[in-house]
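Let me begin by presenting the structure, written as structure tokens, before commenting on it.
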Amino acid sequence: MKFIDEAKIKVKGGDGGAGVAAFRREKFIPKGGPAGGDGGAGGSVYGIASNRLNTLLTFRFTRIHEAKRGEQGGGKDKNGQSGEDLIVEFPVGTLVYDDDTNLLLADLNHVGERVLLAKGGDGGLGNLRFKSSTNRTPRQFTYGELGEIRELRLELKVLADVGLVGLPNSGKSTLISKISSARPKIADYPFTTLSPNLGVLSRKKNEYQMIIADIPGLIEGAADGTGLGIHFLKHVQRTRLLLHLVDISTFCSLNSLNKRVKKSKEDIIGIVNSIVYEMEKFDPTLKTKPRWIVLNKIDLLLDSEIRFFVTLLKDVLQLPIYQISCFSEEGLNDLISELEYWFGSFFLEKKNTISDVRFK
Ligand SMILES: Nc1nc2c(ncn2[C@@H]2O[C@H](COP(=O)(O)OP(=O)(O)OP(=O)(O)O)[C@@H](O)[C@H]2O)c(=O)[nH]1
Ligand SMILES: [Mg+2]
């Protein structure tokens, strides 16, 4: 499935049917009087948040969404039938903007949430309506109103509880594959992940569910378009917590004797903080979002080295720091327990669940 998070569509309410001018024509009833029925109202277009969709891809193929028009009125006092409403499904997390005014019409973030996007036109009036003591044989009728037309801009910001951010290769996709049933592509080259993956962390027989978003890696200069850019950060904007993955083995380098040596304190802090500036450039509030540093790949270093780096970072960053190895799975249970504890009751409240999703 290709991940598309922006689309433009046009919605149109159905036109109202015209009213009719007609007269009763029956045997032995001369001058039967007006009998033209009203036109039916046009159907309206509604948007609804659904968990059957995970991307806006379908809107790239179908751009115009139009409700049915109302039927014209008939003779013998017959009113036209109303046009059927059109219900358009959007993935949960879709923001719907009026493309002309840029006004946010809806933020569909709960399954079943519904919004009126384009109202159908009212039906016209038949001549029966114009009958009065002074106008016994009215010939007037009105046409139906036109349905509303709107150009819409759709933007999907996936709704996840936890966002994984970090440099390419830090192990974000490996982590999501270990703690949820999501199976994203994993490889030892940068930018393996090209679009977000969602995974659901379920605990205690589905009593707890937490949605985790794995996004493409960020690098220095991402805000200026380097690498895959920072566009994907919008998918962690609505998370409650960021897990900032760092490959701890990058804190060391090999010297001329092929011996592992620790990098300088400045370099280490530089590695960790390199993406923070990019996040801030994208959205300053991301910097204030709760963030935990997760040092991954501890299987590649000695315990003494790990202790050294953790102490160094704790002193400087003042952020919670966790150590894990997605390979040996060391530290994973502790991390999950901390997540459960941190999310507390919110974890239990979750109603809108999604299934693991992988986008190509
Ligand atoms: N030794 C070791 N290697 C790991 C560990 N976790 C992940 N890797 C490897 O690190 C490489 C990168 O992992 P990914 O999960 O693809 O990294 P990513 O952060 O998703 O990378 P991008 O999608 O490119 O941003 C892969 O070769 C993984 O097998 C770990 O705990 N220990
Ligand atoms: Mg990845």
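Hey, what's the per residue convex hull volume over the C-alpha atoms of segment 162-349, in cubic angstrom? Mind dumping the intermediate values first?
Working: hull volume 22.8 nm³, N = 188.
That works out to 121 Å³ per residue.
Averaging Cα coordinates gives a centre for segment 64-97 and one for segment 225-299; these two points are 50 Å apart.
For Cα pairs less than 8 Å apart in space and 6+ apart in sequence, what is the mean separation divided by the residue count of segment 162-349, i.e. the relative contact order in percent? Could the numbers behind the result be given before it?
Working: 324 pairs, mean separation 38.7, N = 188.
After rounding, I find 21 percent.
Test of understanding: given the chain, find the longest segment containing no chymotrypsin sites (Phe, Trp or Tyr not before Pro) that are in a DSSP loop and have at most 14 other Cβ atoms within 10 Å.
Numbers: sites that count: Phe28, Phe191, Phe327.
By the stated rule (loop sites, at most 14 other Cβ atoms within 10 Å), 29-190.
Taking only the C-alpha atoms of segment 267-318, Rg followed by Dmax gives 12.8, 37 Å. Working from label points 7 Å from Cα in the Cα-to-Cβ sense, the Asp315 to Ser133 distance is 9.9 nm. Here the Karplus relation 6.51 cos²θ - 1.76 cosθ + 1.60, evaluated at θ = phi - 60°, turns the backbone of segment 183-190 into coupling constants of 10, x, 6, 10, 7, 8, 10, x Hz, with x for every Gly and Pro.
So what's the gap between the Cα centers of segment 37-52 and segment 112-188, to the nearest angstrom? If we compute the Cα centre of each part, the gap is 11 Å. For segment 240-345, trypsin sites (Lys or Arg not before Pro) meeting the loop criterion (DSSP other than H, G, I, E, B) and having at most 11 other Cβ atoms within 10 Å: Lys259.
Compared with the alpha-carbon gap, the fully stretched path from His110 to Lys287 is longer by 61.1 nm at 0.36 nm per residue.
Note that the chain carries a Kirkwood radius of 24.1 Å, evaluated over its alpha carbons pair by pair.
What pairs from Lys185/Lys265; Lys12/Lys289; Lys234/Lys297; Lys265/Lys289 go past 29 Å between their alpha carbons? Don't skip to the end; give the middle numbers.
Details: Lys185/Lys265 33 Å; Lys12/Lys289 40 Å; Lys234/Lys297 27 Å; Lys265/Lys289 25 Å.
Over 29 Å apart, Cα to Cα: Lys185/Lys265; Lys12/Lys289.
As a length-normalised measure over Cα pairs under 8 Å and 6 or more apart, the relative contact order of the chain settles at 16 percent.
Backbone N atoms of segment 168-205 closer than 19 Å to the 7 Å Cα→Cβ label point of Ser249 belong to residues 168-178, 185-193.
Phi angles across segment 12-28 convert, under the Karplus curve 6.51 cos²θ - 1.76 cosθ + 1.60 with θ = phi - 60°, into 3J(HN,Hα) values of 9, x, x, 6, x, x, 6, x, 10, 9, 8, 10, 5, 10, 10, 4, 6 Hz, Gly and Pro given as x. Phi-derived couplings, Karplus 6.51 cos²θ - 1.76 cosθ + 1.60 at θ = phi - 60°, listed residue by residue for segment 87-99: 9, 9, 8, 10, x, 4, x, 7, 9, 10, 10, 6, 5 Hz, with x used for Gly and Pro.
With the cut-off at 18 Å, tell me which of the pairs Lys178/Lys262; Lys31/Lys76; Lys8/Lys281 have Cα atoms farther apart than that. The pairs that break the limit, which is 18 Å between Cα atoms, are Lys178/Lys262; Lys8/Lys281.
Between Glu84 and Ile149, what FRET efficiency follows from the Cβ-Cβ distance if R0 is 30 Å, with the result rounded to 0.05? So, using R0 = 30 Å, E works out to roughly 0.95. In summary, the aspartates and glutamates within cross-link reach of Lys131, defined as a Cα separation below 17 angstrom excluding same-chain residues under 8 places away, comprise Asp38, Asp77.
Largest mean-square fluctuation among Leu152, Leu57, Leu319, in a Gaussian network model of the chain whose springs join Cα atoms under 10 Å apart, belongs to Leu319.
In segment 5-145, the alpha-carbon atoms span a convex hull of 128 Å³ per residue. Applying a length cut-off of 15 Å (Cα extent along the axis) and a mean Kyte-Doolittle floor of 0.5 to the DSSP H helices of the chain leaves 303-317. Above 23 Å, the calculated P(r) of segment 190-280 contains 40 percent of its Cα-Cα pairs.
No lab work stands behind these numbers, since they all come straight from the coordinates. As the structure is a computational prediction, the values presented were derived from the model and not from experiment. When we count neighbours, we look across all protein chains shown, and the Cβ atoms used for this are built from the backbone with ideal geometry, even at glycine.
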